[in-house]
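The values are calculated or read from the model by the stated rules, or taken from the named source; none is laboratory data. This structure is a prediction, so every number in the text was calculated from the model and none was measured. Glycine also receives a Cβ, built like all others from the backbone with ideal geometry; neighbour counts cover every protein chain displayed. These area figures cover heavy atoms from the full protein model, side chains too; ligands, DNA and RNA do not enter into them. Shrake-Rupley method; radii C 1.70, N 1.55, O 1.52, S 1.80 Å.
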Amino acid sequence: MSTASAIDSSNWTNATVGYETFKIPPQYENPYKSDFHMYEFDEDIDVFTIRFVNPNIMSLYGYYMEQNSHIKKVKIAGHDAVHFMSYDDNIEKNKSKLWFSSGEEFYYISWLGENITPEIKEVVKSCSDSKFSHDEFYDILSEEFKNYKIVNAIESQRNDYPQDNRHHSFFSVGTNGYSVGVMN
């Protein structure tokens, strides 16, 4: 007979990503790379990564909205979240990304697998509560996806836009209006 028990994360290590400190499950300790923007357990970012996405919400969220076969709104440890899941033919495995907010910032966790495991839930639980209401959280992501589609429509009409992956476009909305550009 087995009983479900809560995960004891008291002995897990911590990692600061963006403006939050996250508990890291033992199997993902000793990162390949860790800095302000990202905690990467492995060179393959799909194995386990926590990423601060605020500087790139539009481009990353838009990309995942277009590239993933399974998108589901979920609630994890009191956080509204979006779970992206897709099958990778190259590695013959499912990959997941879980988008959520902590404080006023947006993050995602990526891992191999299709299920939101108790360890992933514990990582989300370890950070601050979101400052956004349910509607605000999803409205922000919806607006970022709309902006992504606008930028892509503009870029697809440009004859001089480079057709390689070394360039990054941006769309910024502020109190002084909006701006669109390309960085390389």
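Taken together, the residues in the range 125-135 that are open to solvent by less than 90 Å² (accessible area, probe 1.4 Å) and without any contact (Cβ under 8 Å) to a residue 12 or more places away in the chain amount to 1. The listed residues are Tyr87, Tyr108, and the only one of them that is open to solvent by less than 60 Å² (accessible area, probe 1.4 Å), in contact with a strand residue (DSSP E or B) (Cβ under 6 Å, 6 or more places away or on another chain), in contact (Cβ under 8 Å) with a residue 12 or more places away in the chain and assigned to a strand (DSSP E or B) turns out to be Tyr108.
Specify the residue that is nearest to Asp46 (Cα to Cα); the eligible residues are those in the range 90-105 that are assigned to a strand (DSSP E or B) and polar (S, T, N, Q).
Per the stated criteria, the residue is Ser96.
Taking the range 23-45 as the range and being within 20 Å of Asn56 (Cβ to Cβ) and not in a loop (DSSP other than H, G, I, E, B) as the test, the residues that pass are Lys33, Ser34, Met38, Tyr39, Glu40.
Among the conditions (1) farther than 30 Å from Ser142 by Cβ; (2) open to solvent by less than 70 Å² (accessible area, probe 1.4 Å); (3) in a strand (DSSP E or B), Asn14 misses just one, which is (2).
Every test in (1) in a loop (DSSP other than H, G, I, E, B); (2) open to solvent by less than 70 Å² (accessible area, probe 1.4 Å) is passed by Tyr64 save one, and that test is (1). Annotation note: of Tyr19, Tyr39, the sole residue that is hydroxyl-bearing (Ser, Thr, Tyr) and open to solvent by 60 Å² or more (accessible area, probe 1.4 Å) is Tyr19.
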